[in-house]
Amino acid sequence: MLGKLTWSAIPFDQPIPLVAAALVGLVLLGVIAWVVLAGYFPYLWREWITSVDHKRIGVMYVLLGLVMLIRGFSDAILMRSHQALAYNAPGYLPPEHYDQIFSAHGTIMIFFGAMPFMIGLMNFVVPLQLGVRDVAFPTLNSVSFWLTATGALLVNVSLVIGEFARTGWWPSPPLSEITYSPGVGVDYYLWAIQISGIGTLMSGVNLVTTILKMRAPGMSYLRMPMFCWTALASNLLIIAAFPILTATLAMLTLDRYLGFHFFTDEAGGNSMLFMNLFWAWGHPEVYILALPAYGIFSEVISTFSGKPLFAYRSMVWATLAICLLSFTVWLHHFFTMGPGGDVNGVFGITSMIIAVPTGVKIFDWMFTMYGGRVRFTTPMLWSVAFVVTFVVGGATGVLLAIPPADFVLHNSLFLVAHFHNVMVSAVVFAAFAGYTYWFPKAFGFTLDEWWGKAAFWFSLVGYVWVFTPLYVVGLMGMTRRMQHFSVAEWYPWIVAASLGVIVMFAGVVCQVVQLVVSIRRREHLRDLTGDPWDGRSLEWATASPPPSFNFAVMPHVEGEEAYWAIKQRAREQARLREEPDYEPVEMPLNSPTGFVCAFFATLVGFAMIWHIWWLAALGLAGAFATFVVFAWRDRVEYEIPAEAVARINRLNRASRLEALQQARRKEAA
Amino acid sequence: MRADEAGPLRRGARVLAAVTRRGAVVAAGLALSGCQMSLLNAKGPVGAAEANILIVATVIMLAIIVPTMIGTLVFAWWFRASNTRARYRPDWAFSGKIELVVWSVPLLTIIFLGGIAWIGSHQLDPAVPIESDRKPLRVQVVSLDWKWLFLYPEQQIASVNELVVPVGAPVQFLLTSSSVWNSFFVPRLGSMIYTMRGMTSQLNLMADQEGTLHGLSTHFSGDGFSDMHFPVRAVSDGAFADWVQGAKAGPRLDAASYGDLAKQGTVEAPRSYGSVEPDLFRRIVDQTIPKGPGPAQGADNGAPPTVKPKGGS
């Protein structure tokens, strides 16, 4: 009846996961109870859960990313503190638990922290920057989000019911095959990633279609803001790379469930094939995350320098070059398998070449600041810190791309320090730069700068403090994923890295406090104009938060930096543009399809993990039925009358006019 | 002082002493570690060549990234909004000359480093034998769950979790795995290489100083992974011959005793075998001997520990 699921699946004897999970469960139940009792549920259901508005979905993605970043960070605290206590000692986490934690840390940070955060920002910003009303397929967008949430849920369920993978975040066979990992851990990994991977792929299709087919009139490709370019490149990579991951994990699933031999090193199977396929997805994945990050930095640096992005076309070429090159480097993940001098040499060089367009970007950001009027707001601080620290990660990356250097550094903590150096400075810094930058657009008030800066400084110092010792200890030959060790020289550096985690923790706390303080002081931080940073692209041309239809009339784009041109004209003429003729707007209807689909997908995932076949069949049938019901719908859109559009737009125009006059008065004085 | 007051005090003193002791270890370690960078302080020609590449490439890149870091901070600070002396050029967004430099600098660097990568990949290919007047020592390596087996085909002996090599003689390793992947690595000798079941990989190393080095697995292989480290003793020819002679007295390693060894678990101390079934290595590679069995049956749900942490060695 319940497959492999029995009471023994719940780790009553392991206090750490049980208490952690109980706590999370209590908080979750508390929130749900509060929402229902306070009568907020209908509002949540109507405005968020069933919403197909790209802005709402983007916000939910970012929220999921934030929560999962904290979950992943708590894994990091466990790992670092454990290792600090594991010199000639067993530490406090037994191997089978420690192994789950580093596996979960990587999986969560990549798939459920960084990915939702970046996809969320793209979802929220891209249609606004393109001057359009929604993404190409709004309901599909909702399905994508909820499937991602399903994956995150399954990973967290594994805390209490069963176990998570003990194989590392890429489950390399034969260790991940049924012989060596008979538990459900790898299955949790497989189904969580497969389900959320479908969401990611659909989200990629959605955003690419949006960017290619739905730009505002006059918005030619070479007038798109840099963030849209990087979003396009990133989503093209998603479309090209995620099917490889899906197929690879499907093969591993067949091995584990039906006794196939794709990767078993038996009956013609070969585990190296998994490594090849996994990294054929895995290396582009790095750029799926990094490219939108580069886009965010481009927007932020240009805005807060009060200048257009330096060498915009060069940046576009660099972006596209990275997009293509990212598929030519995967083999550097296994220089140490002994592929021979020619193969290693070629892939060493291709891996280095990718540093050229990246270096160009770095220099162009520098020159964007040159001749500017740099305002050191929180997003700008994150961006400058990114440029300064990222070049170190880039350099160690090039170092690792030299095969003979990789022969001694592969799998070492030097490598761990390298990819955290690049991923934290690029993706996490960009995430928080973007979050602070676009928060006022989403909610109509800015985030508290004092707490934002505190969060920034603690995070920056903590991050340098944690990973510098790891570089050093890597050069001393320490490898990753050690549950305990007995080399005296490593010990002080491991302790030093653990102390850095405390500083990073302070940064996380400040980040949370910033949000709470800002919500409480929202009236004080209110921005009525919709353009709090003196922005340059179209998202700042509409109100904050934007109305559901984004723009009352479709903007006409007449050059690069569409909104900057409009704003300059308004400043010169000391008046806004003529009021347009308002027309009714058609918007897509809300739909619970995504949420219901994800509910059934959760059932399917859970049932497959525990071999509860009837439930899996039921879940599949339910998901299909949901799709059929959606496909047979009668009404697709609803109409917002012209008067309502006019009323909403006039409010924003009034605030903007006032801001304009204020600016002129200030200038005159 | 009454007993119930002394208790916490004494405990406190003990904790303090423990913290001080650990603190002293930390401080001493930090002072030592300057000269303890294993990778930069190699004990063999392969490691030395790789250290050399590491240093040269790092210096070249520092020449680029340090000015970049400084430049970024200088630009950001000089052009701060409050600096009235900085010239604001709100429309300056392109310069062909700067773009030429901006594309050329990384390109030239990469061309140069690419050359190092290409030449280094060939010269330091792990499969390439080390040139020497001396006859190389052949060692066959099998990674097991969770220990290392070293077979000496010419000496007809074997050892577990201890590798002994003569100083100054090239060592030719042929490596495979009984079960999952591992990676064989002796940091002070240089290059690591993966071990994979049903496949062999090749590695050539040489020690040029006597001493005991640290060897380990660098590819995660399961719960006992952290115990897969072993001493590598680089000894004189005489000492090597003595060691071989001593090992001859050990038990025989045949398919049956290999089967026991292949079961999951760690070994407390190195051991050796006085004779080895001929062709054992070949049979492991072509899989006519059963693979490592993995966790015991019934380890299905939950996560029953298959290995007890030893807490170091």
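The values are calculated or read from the model by the stated rules, or taken from the named source; none is laboratory data. Values in this document were obtained by computation on a predicted structure and should not be read as measured data. Here the Cβ is made from the backbone with ideal geometry for all residues, glycine too, and neighbour counts use every protein chain on show.
Remarks
- Residue in the range B:95-117 that is in contact with a Phe, Trp or Tyr (Cβ under 9 Å, 6 or more places away or on another chain), assigned to a loop (DSSP other than H, G, I, E, B) and under 30 Å from A:Gly306 (Cβ atoms) present: yes
- Among all positions in the range A:445-463, there is at least one residue which is among the β-branched types (Val, Ile, Thr), part of a helix (DSSP H, G or I) and more than 30 Å from A:Leu528 (Cβ to Cβ).
- Long-range neighbours under 8 Å by Cβ, at least six apart or interchain, first residue free of Cβ contacts under 8 Å to residues at least 40 places away in the same chain and closer than 13 Å to A:Arg571 by Cα within the range A:650-668, second acidic (Asp, Glu) and exposed (fewer than 12 other Cβ atoms within 10 Å of the Cβ): none
Yes/no matrix, rows are residues, columns are (1) at pLDDT below 95; (2) among the small types (Gly, Ala, Ser):
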| residue | (1), (2) |
| --- | --- |
| B:Ile64 | yes, no |
| B:Thr84 | yes, no |
| B:Asp91 | yes, no |
| B:Leu100 | no, no |
| B:Ala117 | no, yes |
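- Residue-level check: of (1) touching a Pro at 6+ places or on another chain (Cβ under 7 Å); (2) more than 19 Å from B:Trp181 (Cβ to Cβ); (3) more than 13 Å from every other protein chain (Cβ to nearest Cβ); (4) buried (at least 16 other Cβ atoms within 10 Å of the Cβ), B:Gln140 misses just (2).
- Residue satisfying all of: in the range B:103-133; over 18 Å from A:His332 (Cβ atoms) and among the charged types (D, E, K, R); nearest to the other protein chains (Cβ to nearest Cβ) among these: B:Glu131
- Just so you know, in the range A:126-149 the residues that are of a type outside the set (Phe, Trp, Tyr) and not in a helix (DSSP H, G or I) include one that is surrounded by the most Cβ atoms within 10 Å (Cβ to Cβ), and it is A:Val135.
- Residue check: A:Phe263 meets all listed conditions (1) outside the structural domain of A:Tyr370 (by TED's automatic domain parsing); (2) in a helix (DSSP H, G or I) but one, namely (2).
- Among the residues of the range B:201-218, the ones that are more than 9 Å from chain A (Cβ to nearest Cβ) and either within 18 Å of B:Pro136 (Cβ to Cβ) or in contact (Cβ under 8 Å) with a residue 40 or more places away in the chain (or both) come to 10 in all.
- Criterion violated by A:Phe432 - all others in (1) at negative phi; (2) in contact (Cβ under 8 Å) with a residue 24 or more places away in the chain; (3) within 14 Å of chain B (Cβ to nearest Cβ) satisfied: (3)
- Single unsatisfied condition, B:Leu113 versus (1) surrounded by 15 or more Cβ atoms within 10 Å (Cβ to Cβ); (2) within 23 Å of A:Tyr312 (Cα to Cα): (2)
- Strands (runs of 3 or more DSSP E) wholly inside the range B:182-300 containing at least 3 residues that are over 17 Å from the mean Cα position of the chain (by Cα) and buried (at least 22 other Cβ atoms within 10 Å of the Cβ): none
- Those residues of the range B:60-94 which are within 7 Å of another protein chain (Cβ to nearest Cβ), surrounded by 15 or more Cβ atoms within 10 Å (Cβ to Cβ) and in a loop (DSSP other than H, G, I, E, B), in sequence order: B:Phe79, B:Ala81, B:Tyr88, B:Trp92, B:Ala93, B:Phe94
- Being out of contact with any Phe, Trp or Tyr (no Cβ under 9 Å at 6 or more places or on another chain), away from chain B (no Cβ under 14 Å), at pLDDT 95 or above and closer than 30 Å to A:Leu159 by Cα holds for only one residue in A:Ile195, A:Ile244, and it is A:Ile195.
- Some residue of the range B:176-184 being at positive phi and of a type outside the set (Val, Ile, Thr): no
- Residue, farthest from the other protein chains (Cβ to nearest Cβ), within the range A:1-12, restricted to residues that are outside any helix (DSSP H, G or I) and surrounded by 13 or more Cβ atoms within 10 Å (Cβ to Cβ): A:Gly3
- Candidates A:Val428, A:Val398, A:Val464, A:Val416 - the one that is within 30 Å of B:Asn204 (Cα to Cα), surrounded by fewer than 24 Cβ atoms within 10 Å (Cβ to Cβ) and not small (Gly, Ala, Ser): A:Val416
- The lone exception for A:Ala497 - which of (1) part of a loop (DSSP other than H, G, I, E, B); (2) out of contact with any strand residue (DSSP E or B) (no Cβ under 9 Å at 6 or more places or on another chain); (3) among the small types (Gly, Ala, Ser) it fails: (1)
- Comparison of B:Ser236, B:Ser226 shows that the only residue that is of a type in the set (Ser, Thr, Tyr), under 30 Å from A:Met482 (Cα atoms) and in the same structural domain as B:Pro153 (by TED's automatic domain parsing) is B:Ser226.
- Residue match in the range A:150-167 (condition: among the polar types (S, T, N, Q), within 20 Å of A:Met202 (Cα to Cα), surrounded by fewer than 24 Cβ atoms within 10 Å (Cβ to Cβ) and more than 9 Å from chain B (Cβ to nearest Cβ)): no
- Test for B:Glu154: is it surrounded by fewer than 24 Cβ atoms within 10 Å (Cβ to Cβ), at pLDDT 95 or above and within 17 Å of the chain's Cα centre (by Cα): no
- Any hit, the range A:475-486, residues being over 23 Å from the mean Cα position of the chain (by Cα) and part of a helix (DSSP H, G or I): yes
- For the condition farther than 30 Å from A:Ala562 by Cβ, of a type outside the set (Ser, Thr, Tyr) and surrounded by fewer than 24 Cβ atoms within 10 Å (Cβ to Cβ), A:Leu175 does not qualify.
- Looking only at residues of the range B:164-181 that are among the hydroxyl-bearing types (Ser, Thr, Tyr) and more than 10 Å from chain A (Cβ to nearest Cβ), we find that the one that is nearest to the chain's Cα centre (by Cα) is B:Thr176.
- When each of A:Leu18, A:Leu37, A:Leu44 is tested for being more than 18 Å from A:Tyr638 (Cβ to Cβ), surrounded by 11 or more Cβ atoms within 10 Å (Cβ to Cβ) and modelled with pLDDT of 90 or more, the lone residue that passes is A:Leu44.
- A:Trp564 vs. criteria in contact (Cβ under 8 Å) with a residue 60 or more places away in the chain, within 36 Å of the chain's Cα centre (by Cα), closer than 30 Å to A:Arg313 by Cβ and surrounded by 18 or more Cβ atoms within 10 Å (Cβ to Cβ): yes
- Residues satisfying the criterion are absent from the range B:36-52 (criterion: within 7 Å of chain A (Cβ to nearest Cβ), outside any loop (DSSP other than H, G, I, E, B), at pLDDT 95 or above and more than 30 Å from A:Pro492 (Cα to Cα)).
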